[in-house]
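These notes are about the structure you will find just below.
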Amino acid sequence: MRIAILFITTCLFVSVPSGIEAQIADDFSDGDFTQNPVWTGDAANFIVNAAGELQLNAPDAGVSALFVQGNIPDSVIWDLCFRLEFAPSATNLLRIFLLADQPDPALANGYLLEAGENGSLDALKLFRQDAGARTLLATGQPGLVAGDPTDIHLRIKRTVAGEWQLEAASGSGALQLQFTVPDATYGGGSDRYFGFQCVYTATRKDKFYFDDISIQPDVPDLQAPLLLSAEALNANTVQAPFNESLDSLSAIDPAHYQIDNGIGMPVSVLLLPDRRTVNLNLLSPLSSGNYQLQTLAVQDMVGNESGVQTIDFQFVNITTAEEFDILINEIMADPTPSVGLPDAEWVELYNRSGKTLDLAGLRFQDATGSPVSLPSQLLPPDTYVVLTATANAAALQAATGAPVLGIAISTTALNNGGDVLTLSDASGNVIDRVAYDVAWHTDPDKDDGGWSLERVAPGIPCLGAANWRSCNTLPGGTPGAQNSVFDDVADTEAPQLIAAYPESPVSLLLYFSEGLDKALAQDPSVFRIDPPLNIATAQATADDRSIVRLTLSNPLQASVLYAVSAVPPLSDCAGNPVSAQDTTFVGIPEKPEPQDIVVNEMMFNPDVGDARYVEFYNRSNKIFRWSEFFIANFSGGADVETITATRLFLPGQYDV
């Protein structure tokens, strides 16, 4: 801030007039109001505080005034700020003498603004004062000066003809027109006074503040309004501010505005209360991209008309994430020992959609933790963001060029052996879910820490474990970048029904080669059982959409082999329908008799790199459950292993 008194010297050829007229300007940055310019009155009751503001500092309740003399012309603009650290009232109020013929508030002739009255609708009021008698000329917006505190920026204009205009802003808001009113009773001059009168109780004796006072001639406006910028508030509204107040009829004429790329004229235009800004309401919504706004023949308040003006702006359509728009794309569950990256757990998200998405409102959680809300973060198409514990965010950010979001999770939230990670919206709708397992590592040297699991093909979001591999490049992961094992292959293959398994006589689990369309998988009519059994409900399991649970109205019968099939329109996540001939078999498991199952083939001495195996053959007409069997080798001692496979061994079937 700077103190200034502006001197205007009028010259005509070599003649210099005898008077030097000083305009008034003071921001109190010199810490002194007794000189340059000189304020007089109850000076002992005012100070310039450490913030560079003029402040009332009276000893007790009372009335204090301070005036400054200078040139206040007939065509003039007052600009100033005041703050009252209380809600004004009839006993604690402020009078601002804009134009007075003497520095005595009781006797002066001129004009003043008043802030303070009883109630909660306090407004700025303009009075003319005639030898102490006041006449109300105009009243501003009710409630503008009723706040606690009241912090106001004022701009008052008066023309030579005596037309008054008051604009005011509360706090950091934009100036808004309060009123216009004519009165030319008292004119300006070089010996006029400006000042403040504070009326206060003892508790308000130091609660009046003033700053940035400027009283300058109103130079005639000969410039057309200038278009400053354009901003898309949403797909149907563009806001355009100008550098000065606009003529209301000119400003709201849609014919004065054009937007390229097929948008055309707005259907309507709204002039905002600051009178400088217009909102263009569009008939055709904007799409994400670059646009140019053109304005023509827009007039200001005195009729200056602009020519053609253009300005560029951009619109990004931010939409809501739907299922598989954002994928859990890479998982560092076990960062120790590090092979190059910071020793921190993290999860990478990837926007595979063609939309710009905001993470605000989405939630992340593991199998046992509570959902954690994500902060606002725009995610354009084909971009990445990394989630990690807040404590690890800075270190991880230094290791990647993509945004890293520190969120309120434990630094050890991800289980090394496996976990279920879910990204959902605020309503609980799943965007993506991955039930990873350490066994997904495709390199046995990388499953003991330091290496991430990477999704191979984002285009096949439901493929499951087959779509994940160990990162194959140093420093052990690719946070915020394309995965090292990336393949842009699209899903064109139909899902296959691999097996059926009875949880109970009235509940079947169907296993598919990949995840299914969730809505279709819940339709019982896309499944068949023969001999016929009625299917009461169908439901894709929560953690794995490649598994469907069928609930039967009637139980499976013993010693009956049922054919189970899936039929179109059942499809995978990419919309590929199942084959109409996709069938497997299921039944109630029975107990085996000797020789029902025989060892049919074995490989006990394979080539280097190959595996040993034993092949079994079900030579009976019975159905068996593999989880009820053990495999044993008694050579050199008992070695008994449980067979953990959750599947059936059907009649005539071979299993290895």
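The values are calculated or read from the model by the stated rules, or taken from the named source; none is laboratory data. On a predicted model such as this, the values are computed, not experimentally measured, just so you know. Reconstructed Cβ throughout: ideal geometry from the backbone, glycine too, with neighbour counts over all protein chains shown.
Structure notes:
- Residue match in the stretch 610-617 (condition: at pLDDT 85 or above and within 56 Å of the chain's Cα centre (by Cα)): yes
- Residue check, LEU228 modelled with pLDDT of 95 or more, in contact with a Lys or Arg (Cβ under 9 Å, 6 or more places away or on another chain), at negative phi and surrounded by fewer than 20 Cβ atoms within 10 Å (Cβ to Cβ): yes
- Selected residue (only one of SER424, SER410 is surrounded by 15 or more Cβ atoms within 10 Å (Cβ to Cβ) and polar (S, T, N, Q)): SER424
- Some residue of the stretch 121-128 being closer than 24 Å to ASP212 by Cα, under 36 Å from the mean Cα position of the chain (by Cα) and buried (at least 19 other Cβ atoms within 10 Å of the Cβ): no
- Output for the stretch 131-163, where each listed residue is among the charged types (D, E, K, R) and in contact (Cβ under 8 Å) with a residue 24 or more places away in the chain: ASP148, ASP151, ARG155, LYS157, ARG158
- For first residues located in the stretch 508-536 and farther than 20 Å from PRO577 by Cα, partners that are surrounded by fewer than 14 Cβ atoms within 10 Å (Cβ to Cβ) and among the polar types (S, T, N, Q) and lie 6+ apart or on another chain with Cβ distances below 6 Å form the pairs LEU533/ASN554; ASN534/SER553; ALA536/SER553.
- Pairs are defined by a Cβ separation below 9 Å, a sequence spacing of at least 6 or placement on different chains, a first member in the stretch 492-505 that is more than 16 Å from ALA566 (Cα to Cα) and in contact (Cβ under 8 Å) with a residue 60 or more places away in the chain, and a second member that is surrounded by fewer than 15 Cβ atoms within 10 Å (Cβ to Cβ) and not polar (S, T, N, Q); the pairs so defined are PRO505/PRO555; PRO505/ALA558.
- Members of the stretch 615-635 found to be of a type outside the set (Lys, Arg) and either on the phi > 0 side of the Ramachandran plot or not in a strand (DSSP E or B) (or both), listed by number: SER620, ASN621, ILE623, TRP626, SER627, GLU628, PHE629, PHE634, SER635
- Qualifying residues in the stretch 439-465 (those that are in contact with a helix residue (DSSP H, G or I) (Cβ under 7 Å, 6 or more places away or on another chain) and outside any loop (DSSP other than H, G, I, E, B)) - the one surrounded by the fewest Cβ atoms within 10 Å (Cβ to Cβ): ALA465
- Of all residues in the stretch 636-656 being assigned to a strand (DSSP E or B) and without any contact (Cβ under 8 Å) to a residue 12 or more places away in the chain, the one that is farthest from PHE512 (Cα to Cα): ASP639
- Screening the stretch 53-123 for strands (runs of 3 or more DSSP E) wholly inside it with 2 or more residues that are without any contact (Cβ under 8 Å) to a residue 60 or more places away in the chain returns the ranges 110-115.
- Filtering the stretch 150-179 to residues that are assigned to a strand (DSSP E or B), closer than 14 Å to ARG83 by Cβ and not hydroxyl-bearing (Ser, Thr, Tyr) leaves ASP151, ILE152, HIS153, LEU154, ALA168, ALA169.
- GLU503 being part of a strand (DSSP E or B) and in the same structural domain as ALA542 (by TED's automatic domain parsing): yes
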